[in-house]
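The values are calculated or read from the model by the stated rules, or taken from the named source; none is laboratory data. Because the structure is predicted, anything quoted here is derived from the model rather than measured. So basically every Cβ, Gly included, is an ideal-geometry build from the backbone, and we count neighbours across all protein chains shown. Protein only, heavy atoms only, side chains kept; ligands, DNA and RNA dropped before computing areas. Shrake-Rupley method; radii C 1.70, N 1.55, O 1.52, S 1.80 Å.
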Amino acid sequence: MSSTSPRDLSALSQQWQQRSLAAVWHPCTQMARAQVTPPLPIARGEGGWLFDMDGRRYFDANSSWWVNLFGHADAGINAAIKQQLDTLPHVMLAGCTHAPAVRLAERLSARTGGALGHVFFGSDGASAVEIALKQSFHSWRNRGRAEKREFVCLKNGYHGETIGALAVTDVKVFRDAYDPLLMRAHIVESPDARLGNEVQALAAMRALLSERGSQIAAVIIEPLVQGAAGMVMYSAEYLRGLRALCTEFEVHLIVDEIAMGCGRTGTFFAWEHALPQAAAEAAPAPAHALWPDFITLSKGITGGTMPLSLVLTTEAVYQAFWSEDVARGFLHSHSYTGNALACAAANAVLDRFDAGQLQANAQQAALLREAIAPLAAHSNVKHLRQLGMILAFDVQEPGLRFAERFHLAARAHELLIRPIGNTVYLMPPYVIDADTAAFLARAVTLTLDEVLSQLPPSDTTDSPHVA
């Protein structure tokens with residue numbers, strides 16, 4: 001059994017830890033605490049596994065923040081990037097275009113049956129959210145509805161940490177320090193299958209839209225699963241009800257698929273769960289009335305290789321900017337917009353889905369479900385739940401610093417995993433077979449029992465180990 005306590009690491013690994021702590025400001029990390037629990041130096045990746053500088057391996061159970069779809073150093077994606085690298089690494093997308101961006105935009109639009117398209121490229125999830133928020137407000141203004149400038153998000157929702165995206169995020173650990181800088185968004189009750197409150201959540205949304213719909217530009221949600229809230233799951237019925245409300249009150253619906261898109265929930269877009277079954281099977285896909293006004297994608301779209309995000313929207317939104325007046329145009333950009341290498345990687349990802357990846361995912365999800373099922377009987381486990389390739393449970397009486405202790409203890413069981421608060425979750429790469437599923441179930445159970453048997457003394461310095 002491997003171990004990664006500081007005394008077990010080689011001098012080389014400890015040297016890299018100290019150099020990193022001196023030079024790198026790590027994300028989602030209290031750096032003073034990192035002196036006690038320094039980062040693990042990783043040398044390489046292969047398939048679902050990461051290897052440290054001393055040769056120990058760790059299964060990447062959270063897909064390196066939900067981005068690594070097909071395992072590390074995937075040959076197909078790497079080949080697509082290498083081929084593009086020798087041809088055209090990058091060209092500005094203002095005044096120029098290139099085949100990888102065009103193909104990617106066409107293929108994503110086709111996956112909505114043409115209901116959404118006009119792809120606008122960004123760099124990361126938060127930038128995609130900012131793009132969608134700006135496009136929503138600006139399109140209303142261009143249509144003579146400048147009063148529609150307010151936004152709605154769900155309680156405990158997460159959409160990024162830039163100033164605009166943070167304004168529609170309701171996770172205190174990220175938001176509170178910057179609250180004075182943020183625009184005011186409406187925060188509405190979120191659906192939660194554990195609470196059985198979807199009817200009440202829709203009623204709360206209706207009440208708000210009835211009162212403020214003429215001033216509201218858009219509602220933004222995470223479809224089916226609120227990730228940073230602790231993998232809070234809810235049904236597609238809520239999505240269908242919300243689409244109807246937004247249509248009724250003339251409010252845009254922004255669906256943030258940054259985490260839940262690219263096959264995580266069992267369909268390529270999580271929103272597809274909300275489509276009527278007959279329509280979902282038809283070709284072409286259903287009319288726009290059944291789709292949101294915006295979908296954002298990032299994370300898994302390049303298989304964990306290159307930074308890329310994008311926004312798909314409707315013809316109606318696009319046409320609101322159709323003018324030779326510069327002030328009516330959508331003047332948003334960054335230097336690497338539509339980077340050719342990233343688009344080539346994304347096209348390689350879509351190739352996998354065209355070749356039947358969703359069917360493979362369904363088989364892998366079943367293996368995970370069967371292997372993890374015995375944990376439901378664990379005395380400290382509550383609400384064991386699964387949607388596609390996302391599996392989570394809540395831990396009762398976890399003790400202080402549970403997430404940190406679990407993360408560190410799991411390394412000794414060849415597992416790299418970061419709980420959210422007292423929620424342990426698996427979002428593994430799509431490389432699961434029966435043996436891997438059994439390994440994950442065994443490693444999670446051993447880690448849980450070990451952590452709960454060694455509860456630390458009470459203190460006042462508990463720290464959430466988020467995402």
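Test of understanding: among 456, 464, which residue is farther than 30 Å from residue 359 by Cα, modelled with pLDDT under 95 and open to solvent by 60 Å² or more (accessible area, probe 1.4 Å)? None of the other options fit; the residue is 464. Is it fair to say residue 349 is aliphatic (A, V, I, L, M) and open to solvent by less than 40 Å² (accessible area, probe 1.4 Å)? Yes: the conditions hold for residue 349. Of all residues assigned to segment 175-184, at least one qualifies as being surrounded by 13 or more Cβ atoms within 10 Å (Cβ to Cβ), within 16 Å of residue 126 (Cα to Cα) and within 21 Å of the chain's Cα centre (by Cα).
Taken over segment 206-225, the criterion of being in contact with an Asp or Glu (Cβ under 8 Å, 6 or more places away or on another chain), buried (at least 18 other Cβ atoms within 10 Å of the Cβ) and either of a type in the set (A, V, I, L, M, F, W, C) or not in a loop (DSSP other than H, G, I, E, B) (or both) is satisfied by 209, 216, 217, 218, 220, 221.
Each row is one residue, and each column tells you yes or no for (1) in a helix (DSSP H, G or I); (2) under 17 Å from residue 231 (Cβ atoms); (3) under 25 Å from the mean Cα position of the chain (by Cα).
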| residue | (1), (2), (3) |
| --- | --- |
| 379 | no, no, no |
| 394 | no, yes, yes |
| 400 | no, no, no |
| 404 | yes, no, yes |
| 408 | yes, no, yes |
| 424 | no, yes, yes |
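Before we move on, is residue 191 part of a loop (DSSP other than H, G, I, E, B) and under 14 Å from the mean Cα position of the chain (by Cα)? The answer is no for residue 191.
Filtering 128, 115 for residues that are outside any loop (DSSP other than H, G, I, E, B), modelled with pLDDT of 95 or more, open to solvent by less than 40 Å² (accessible area, probe 1.4 Å) and more than 24 Å from residue 392 (Cβ to Cβ) leaves a single hit, 128.
Kindly evaluate residue 164 against the criterion of being open to solvent by less than 40 Å² (accessible area, probe 1.4 Å), on the phi < 0 side of the Ramachandran plot and free of Cβ contacts under 8 Å to residues at least 40 places away in the same chain. So residue 164 passes the test.
Cβ-Cβ contacts under 8 Å between residues 6 or more apart (or on different chains), taken from a first residue in segment 194-213 that is over 20 Å from residue 229 (Cβ atoms) to a second residue that is of a type outside the set (Gly, Ala, Ser) and in a helix (DSSP H, G or I), are listed as 206/245; 209/245; 209/246; 209/248. The single condition from (1) more than 22 Å from the chain's Cα centre (by Cα); (2) in contact (Cβ under 8 Å) with a residue 60 or more places away in the chain that residue 67 fails is (1).
Would segment 35-51 turn up any residue that is farther than 30 Å from residue 438 by Cα and either in a loop (DSSP other than H, G, I, E, B) or at pLDDT below 95 (or both)? Yes, segment 35-51 contains a residue that is farther than 30 Å from residue 438 by Cα and either in a loop (DSSP other than H, G, I, E, B) or at pLDDT below 95 (or both). Apart from one condition, residue 169 fits all of (1) at pLDDT 95 or above; (2) open to solvent by 10 Å² or more (accessible area, probe 1.4 Å); the exception is (2). Of the residues examined, residue 141 is not one that is open to solvent by 10 Å² or more (accessible area, probe 1.4 Å) and closer than 28 Å to residue 268 by Cβ. Set side by side, the residues 354, 325 differ, and just one is under 29 Å from residue 290 (Cα atoms), free of Cβ contacts under 8 Å to residues at least 24 places away in the same chain and not aliphatic (A, V, I, L, M), which is 354. Comparison of 249, 268 shows that the only residue that is out of contact with any Phe, Trp or Tyr (no Cβ under 9 Å at 6 or more places or on another chain) and hydrophobic (A, V, I, L, M, F, W, C) is 249. The listed residues are 416, 448, and the only one of them that is in contact with a strand residue (DSSP E or B) (Cβ under 6 Å, 6 or more places away or on another chain), surrounded by 18 or more Cβ atoms within 10 Å (Cβ to Cβ) and under 24 Å from residue 226 (Cα atoms) turns out to be 416.
Between a residue in segment 294-317 that is over 18 Å from residue 76 (Cα atoms) and in a strand (DSSP E or B) and any residue that is open to solvent by 10 Å² or more (accessible area, probe 1.4 Å) and among the aliphatic types (A, V, I, L, M), which pairs come within a Cβ distance under 6 Å, given they are 6 or more apart or on different chains? From segment 294-317, the pairs are 296/258; 310/119; 312/119. So, residue 373, is that one open to solvent by 30 Å² or more (accessible area, probe 1.4 Å) and modelled with pLDDT of 95 or more or not? The answer is yes for residue 373. Applying the selection to segment 226-247, what residues are assigned to a loop (DSSP other than H, G, I, E, B) and either of a type in the set (A, V, I, L, M, F, W, C) or open to solvent by 20 Å² or more (accessible area, probe 1.4 Å) (or both)? Of everything in segment 226-247, those that are assigned to a loop (DSSP other than H, G, I, E, B) and either of a type in the set (A, V, I, L, M, F, W, C) or open to solvent by 20 Å² or more (accessible area, probe 1.4 Å) (or both) turn out to be 228, 229, 231, 235.
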